[in-house]
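Following: one structure in structure tokens, then a few remarks.
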Amino acid sequence: GESVGLHLPTLSVQEGDNSIINCAYSNSASDYFIWYKQESGKGPQFIIDIRSNMDKRQGQRVTVLLNKTVKHLSLQIAATQPGDSAVYFCAENMVHTNAGKSTFGDGTTLTVKP
Amino acid sequence: NAGVMQNPRHLVRRRGQEARLRCSPMKGHSHVYWYRQLPEEGLKFMVYLQKENIIDESGMPKERFSAEFPKEGPSILRIQQVVRGDSAAYFCASSPRQGVNEQFFGPGTRLTVL
């Protein structure tokens, strides 16, 4: 069945280092992927997205890589800051069929040490 | 522009009572999605609504749960005869139109069933 999962449930990095959070998905029909950041007690916050016709997309300090061959997604955060500490979720979607219904992974907890 | 608003933020109910969760989408958004998040897990899709229409309720439990999005007023997620397993955070997201995948999430309602 459909599933979106993350390789590691927790990640601890030193402030200033780069962080890489990984995600595996199993539905080859998914064509839209989103990364969310969720801080304690808050709702998910959109970080960056990527469509399946791309393999890389960059934002401010963040880069998302998509490897459709192995159904793998990653989020890279440059120069990680304490404010980046949160749970990060990947989500998959199908643009034309699911009309916005997203399937979420279980999340990776990122802890940034000062 | 106010974001997605949810109330109450915290709701405590005893087993057998009813829970009503409200969601006001962002201004100009006519599409609402409800998700449930159990502790230490990702968000699970429940239902997708447009004004006066349920578009996709494939994630809703068959019994006790219902949702509506009336022409006027907020979207309501209603849980009848709550059980302890209903304890979770319930998030609402909105988007401006179908086919636009970026969803804006509210802060969530944390339901605790005693």
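Computed from the coordinates by the stated procedures, all read-outs in this text should not be read as laboratory data. Remember, predicted model here, so these are calculated numbers, not experimental data. Positions of Cβ are generated from backbone atoms using ideal geometry, with glycine treated the same way; all protein chains shown enter the neighbour counts.
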Fill in the blank from the handout: Checked B:62, B:71 against criteria (more than 24 Å from residue A:89 (Cα to Cα) and within 16 Å of the chain's Cα centre (by Cα)); the one match is B:62
Handout entry: Qualifying positions in the stretch A:61-114 - more than 14 Å from chain B (Cβ to nearest Cβ), of a type in the set (S, T, N, Q) and assigned to a strand (DSSP E or B)
Key = A:63, A:67, A:74, A:76, A:111
Exercise for the section: Quick one: which residue in B:58, B:94 is surrounded by 13 or more Cβ atoms within 10 Å (Cβ to Cβ), out of contact with any Gly (no Cβ under 6 Å at 6 or more places or on another chain) and hydroxyl-bearing (Ser, Thr, Tyr)? Expected result: B:94
Fill in the blank from the handout: If we ask which residues in the stretch B:31-55 are part of a loop (DSSP other than H, G, I, E, B) and surrounded by fewer than 17 Cβ atoms within 10 Å (Cβ to Cβ), their number turns out to be 6
